[in-house]
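A.B. asks: Quick one: this structure, given as structure tokens, is what I'll be asking you about.
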Amino acid sequence: MSPPTPVAVVFPGQGSQKPGMARDFHDEFAVSRAVFEEASDALGWDVRAVCFEDDPRLDQTEITQPALLTAEIAMLRALSAEHGLRPTWFGGHSLGEYTALCAAGALPLATAVRIVHRRGALMQRAVPLGAGAMVAVVADGIAERDLVRELVDLEVDVANLNAPAQVVLSGMAPAVERATAWLSEQLLGTPHDFVLLNVSAPFHSRWMRGIEDELRAVLEDARGEFAADLAATVTSNLTGRFHRPDPSEVIDALTRQIGATVDWIGDMRALAEAAATIVEVGPSRPLRGFFRALGREVVSVVSVRTAQKGLGA
């Protein structure tokens, strides 16, 4: 008998949340209901109410992050129980990296939701609401340009390397507007597009680095609960490679991730090399297109119905 085919599972991050996320899993599977109950007990508020109802708090960063992590883990555990999904490798985009660590067993669920609840509160506090902005730049080969150098005088940062043809810039709103205008001139004659993201702060930029010490303290408080050997099965947004099996290095990478570029291209390449099959699990499927840009197809699961179609009954 041939050995099992390695499978990777990946999780989208903030921005993929939507009202009703994971409700079908919750209603159908006891294992999913248990996830929502555990997360609600850990946080002291009803995660189900935020996820399932038309609750404006779902778009508040400190609420979004634990709610999304909970929904994605609820989905994954049902997929494992009902469809035999047994991933070997894990990855997640931005917030999704925490979901991936939880999915890999490197962080307990209760600890993970408490960390990201605090992380979200710190991120929201770092910059006044509405003062920051993020814009996706779509153009062939844009990720290969040295945008850090090109934009050095415009006070914006490269937040995400999402795909060869997509990067995200982050900074204060006026600076992002100036950078967009400047890049538009540089890209004349090249098909391109700019998509302003619906975010509450300039994530993964220098404006987040002022909260690194507080985030590090939150992560250090949970040091004893990190299973660093299991973290080594999870890709790091900071390095674009798998985490090293050292709790200090994992904590440092997660601390610095908040104000650094998300190297999702590196993560995708590492996962694509390690796994024959890649499954995206979350309420929407933003990562599928990024993998396709690298020539890899993924199975995207956003509902019970798509799980039955993509993974079999």
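A.B. asks: Answer yes or no as to whether Arg125 is farther than 25 Å from Val176 by Cβ and either free of Cβ contacts under 8 Å to residues at least 12 places away in the same chain or not in a loop (DSSP other than H, G, I, E, B) (or both).
C.D. replies: So Arg125 fails the test.
A.B. asks: Just to be sure, is Pro87 surrounded by fewer than 24 Cβ atoms within 10 Å (Cβ to Cβ) and in the same structural domain as Asp252 (by TED's automatic domain parsing)?
C.D. replies: yes
A.B. asks: Among the numbered criteria (1) under 24 Å from Ser170 (Cα atoms); (2) among the hydrophobic types (A, V, I, L, M, F, W, C); (3) touching a His at 6+ places or on another chain (Cβ under 9 Å), which one does Val148 miss?
C.D. replies: Result: Val148 fails condition (3) only.
A.B. asks: Any residue at all in the stretch 276-289 that is in contact with a strand residue (DSSP E or B) (Cβ under 8 Å, 6 or more places away or on another chain) and without any contact (Cβ under 8 Å) to a residue 60 or more places away in the chain?
C.D. replies: yes
A.B. asks: Does the stretch 234-250 contain at least one residue that is among the β-branched types (Val, Ile, Thr), farther than 17 Å from Asp263 by Cβ and touching a residue at least 12 places away in the same chain (Cβ under 8 Å)?
C.D. replies: no
A.B. asks: Among the residues of the stretch 240-262, write down those that are surrounded by fewer than 22 Cβ atoms within 10 Å (Cβ to Cβ) and in a strand (DSSP E or B).
C.D. replies: Hit for the stretch 240-262 is Phe242, nothing else.
A.B. asks: Of everything in the stretch 177-217 that's of a type in the set (Phe, Trp, Tyr) and in a helix (DSSP H, G or I), which residue is nearest to Met123 (Cα to Cα)?
C.D. replies: Trp207
A.B. asks: Another question, then. Do you know which residues across the stretch 33-65 are hydroxyl-bearing (Ser, Thr, Tyr) and either in contact with a Phe, Trp or Tyr (Cβ under 9 Å, 6 or more places away or on another chain) or surrounded by fewer than 19 Cβ atoms within 10 Å (Cβ to Cβ) (or both)?
C.D. replies: Selection gives Ser40, Thr61.
A.B. asks: Looking for something in a strand (DSSP E or B), closer than 23 Å to Trp207 by Cβ and touching a residue at least 24 places away in the same chain (Cβ under 8 Å) - is there at least one such residue anywhere in the stretch 136-143?
C.D. replies: yes
A.B. asks: Among the helices (runs of 4 or more DSSP H) contained in the stretch 1-97, which hold 2 or more residues that are in contact with a Leu (Cβ under 9 Å, 6 or more places away or on another chain)?
C.D. replies: 30-43, 47-52, 61-83
A.B. asks: Condition (residue is part of a helix (DSSP H, G or I), touching a residue at least 12 places away in the same chain (Cβ under 8 Å) and not assigned by TED's automatic domain parsing to the domain that holds Asp46) applied to the stretch 155-170: is it met by at least one residue?
C.D. replies: no
A.B. asks: Still on this structure, please answer the following. Can you tell me which of (1) out of contact with any Pro (no Cβ under 9 Å at 6 or more places or on another chain); (2) under 30 Å from Gly295 (Cβ atoms); (3) crowded, with 20+ Cβ neighbours inside 10 Å; (4) at pLDDT 95 or above is the one Ser170 doesn't meet?
C.D. replies: (1) is the only condition that Ser170 fails.
The values are calculated or read from the model by the stated rules, or taken from the named source; none is laboratory data. Quick caveat, the model's predicted, so the values are computed rather than measured. Glycine also receives a Cβ, built like all others from the backbone with ideal geometry; neighbour counts cover every protein chain displayed.
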